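Here it is, the structure, as structure tokens.
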Amino acid sequence: MSFTTTIKDEVTKIETERVESLAEVAAFIKYNGKINEDSIELYIENNSVARRMFNLIKRLYKINITLTIRTQKRFQTKTMYILTIRDMESILFDMNNIVKNIMDYSTPEKASFIKGVFLANGSINDPKKSKYHLELLISDECSAKLVHKILLSLKFSSKILKRDKGYMVYIKASEQISDFIKMLGAINSLFYYEDIRIYRDHKNMVNRLNNCEQANVEKSMRSANEQLSNIEYLKDNDLLSLLDEKTKLVIEYREKYPETTLQELADIISLETDVVITKSGINHHFRKIKELVERHKNK
């Protein structure tokens, strides 16, 4: 079972008040329904969603609904639930009214509308298997812009992308997707999502720290090699006598401990001799050595 299916199954079990139910049904029909001259047809693959829409419409409008079940066996078996509604005048009136005025509705009613859109054509990637991604596939630009506008009013930073067949309203920020699942009321799915998100964020943080540490080690090795090269140049050209005793001490310990960092070298010198020196002090002496080498090379 996909993560999207798990979320939808959980959402369909949540009881809602009449106004919120009307908004959910209106959105589902608007973004999933096929409206003919004498009927509305809803084609639904998820049996939990089909059951919810059947029960909500039945409860809200007290009308007869024809349920047709088709099984397709092309490559893989797939069941399609078709709800056919013929007494549709009240439903279409409510749908058009809600769609027209949805921006004036309360936050819970807007959230229920978006829930209907998600149940109709939404999906959320399993965070364990792929990148964070939520999308709502919508047939026309005007309808996509409406969903985008509602999401913005609910503090979601969604975007619209043109696809070959219609438009995609999507969210990629992990925290926003978490808030979206919470808005749907799918608490168990939210716990799963957050567990994976925390694990991935921790793993990424550890990787970043390891990369930084490795980069620091490589940087220290490059600096140490450059320092040793400069020391070798001074020796080959009899230039050590131009240095003071403290700088000569730093040279002695660099050769003795070629792989240490500046801080480690400062600590060793301070511990093993009477000379107290800091990391910046060590760096100062190596700058003097480098300057001497460069002056001699430029003569």
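Values in this text are rule-based calculations from the coordinates and carry no lab data. What you see is a predicted model; the values in this text were computed from it and never measured. Cβ placement follows ideal geometry from the backbone for every residue including glycine, while neighbour counts extend to all protein chains displayed.
Shape call for the stretch 131-264 from the C-alpha gyration tensor, a ≥ b ≥ c root eigenvalues: rounded (a/c under 1.5), prolate (a/b greater than b/c) or oblate? Before the final figure, lay out the partial values.
On the way: a/c = 5.63, a/b = 3.37, b/c = 1.67.
It comes out prolate by the Cα gyration axes.
Of I138, I35, I171, which has the largest mean-square fluctuation in a 10 Å C-alpha GNM of the chain?
I35
Run down the lysines and flag those whose C-alpha is under 28 Å from the C-alpha of K288, throwing out any fewer than 8 positions away in its chain.
Candidates past the 8-residue exclusion: K219, K235, K246, K248, K256, K279, K297, K299.
Which of these values of log10 I(q)/I(0) by the Debye sum over Cα atoms at q = 0.06, 0.08, 0.11, 0.15 Å⁻¹ was calculated from the structure shown: [x] -0.16, -0.30, -0.58, -1.16; [y] -0.19, -0.34, -0.66, -1.24; [z] -0.43, -0.54, -0.71, -1.13?
Correct label, based on the coordinates given: [z].
With just the Cα atoms defining each centre, how far is the stretch 71-130 from the stretch 270-292? Give it in Å.
Cα centroid to Cα centroid, the span is 71 Å.
Using a 7 Å offset from Cα along Cα-Cβ at D164, what residues in the stretch 112-143 end up with backbone N under 13 Å from the label point?
No residue passes the distance filter.
Please arrange Y199, Y193 by counting, for each residue, the other beta carbons lying within 10 Å of its beta carbon, fewest first.
Numbers: Y199 12, Y193 24.
Fewest to most other Cβ atoms nearby, the residues stand as Y199, Y193.
Based on the Cβ-Cβ distance from T77 to K155, what FRET efficiency comes out when R0 is 51 Å, to the nearest 0.05? Each step should come with its number before you reach the end.
On the way: r = 41 Å, r/R0 = 0.80.
For R0 = 51 Å, the calculated efficiency reads 0.80.
At q = 0.17, 0.18, 0.23, 0.27 Å⁻¹, what is the log10 ratio I(q)/I(0) for the stretch 48-94, with the Debye formula run over Cα points and no solvent?
-0.56, -0.61, -0.83, -1.01
Once you place label points 7 Å from the Cα toward the Cβ at Y257 and S223, how far apart are they in nm?
1.4 nm
Okay, moving on. Starting from the 7 Å offset along Cα-to-Cβ, what nm value, one decimal, do you get for the label separation of F93 and M205?
5.7 nm
Return the subset of K30/K159; K34/K172; K58/K78; K13/K149 for which the Cα-Cα distance in this structure is over 22 Å, preserving the input order. List each step's numbers first, then the result.
Values: K30/K159 20 Å; K34/K172 30 Å; K58/K78 26 Å; K13/K149 27 Å.
Too far apart for the 22 Å limit: K34/K172; K58/K78; K13/K149.
Here's another thing I want to ask about it. Ratio to report: Rg/Rh of the stretch 82-138, with Cα atoms as the point set and Rh obtained by the Kirkwood method; give two decimals. Mind showing how you got there, number by number?
Values: Rg = 15.1 Å, Rh = 13.7 Å.
A ratio of 1.10.
Enter the mean projected area of the convex hull around the alpha-carbon atoms of the stretch 203-297, in nm², rounded to one decimal. Display every interim value, and only then the final one.
Values: hull surface 27.5 nm².
So the Cα hull casts an average projection of 6.9 nm².
Which ³J(HN,Hα) values, rounded to whole Hz and listed in residue order, are derived for the stretch 217-230 from phi using the Karplus coefficients 6.51, -1.76 and 1.60 in 6.51 cos²θ - 1.76 cosθ + 1.60 with θ = phi - 60°, glycine and proline given as x?
4, 5, 5, 5, 5, 5, 5, 4, 5, 5, 5, 5, 5, 5
Looking at the stretch 13-75, which GluC sites (Glu not before Pro) are DSSP coil and have at most 16 other C-beta atoms within 10 Å of their C-beta? Please report the intermediate quantities before stating the final value.
Values: sites: E15, E17, E20, E24, E37, E41, E45; in loops: E15, E17, E37, E45.
The qualifying sites are E15, E17, E37, E45.
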